[in-house]
Amino acid sequence: MTVKHIPTDEVHRGYIGGNTACGIDITKHPSHWILTKEEVTCTKRGCTS
Ligand SMILES: [Zn+2]
């Protein structure tokens with residue numbers, strides 16, 4: 001599953017209500033995140049593999 005961080009337009013692996021694969025806590029600012037089907041653009045460890 002992939003999620004987009006709206007303020008940066010960056011797409012990560014992760015799910016709403018948890019963390020991104022690179023370790024960002026999505027629950028801190030839930031309004032900043034939406035589910036998407038776009039390609040992952042985050043280059044950090046976890047999201048890239
Ligand atoms: Zn990421």
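The values are calculated or read from the model by the stated rules, or taken from the named source; none is laboratory data. Source: prediction; values computed, not measured. Neighbour counts are summed over all protein chains in view; Cβ atoms, including those assigned to glycine, are modelled from backbone coordinates with ideal geometry.
A compact table of results
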| item | result |
| --- | --- |
| Answer residue from the chain, given it is free of Cβ contacts under 8 Å to residues at least 24 places away in the same chain and among the β-branched types (V, I, T) and is surrounded by the fewest Cβ atoms within 10 Å (Cβ to Cβ) among those | T43 |
| Residues (away from the ligand (no atom under 12 Å from the Cβ), at pLDDT 95 or above and assigned to a loop (DSSP other than H, G, I, E, B)) located in the range 1-36 | I6, P7, D9, G18, H29 |
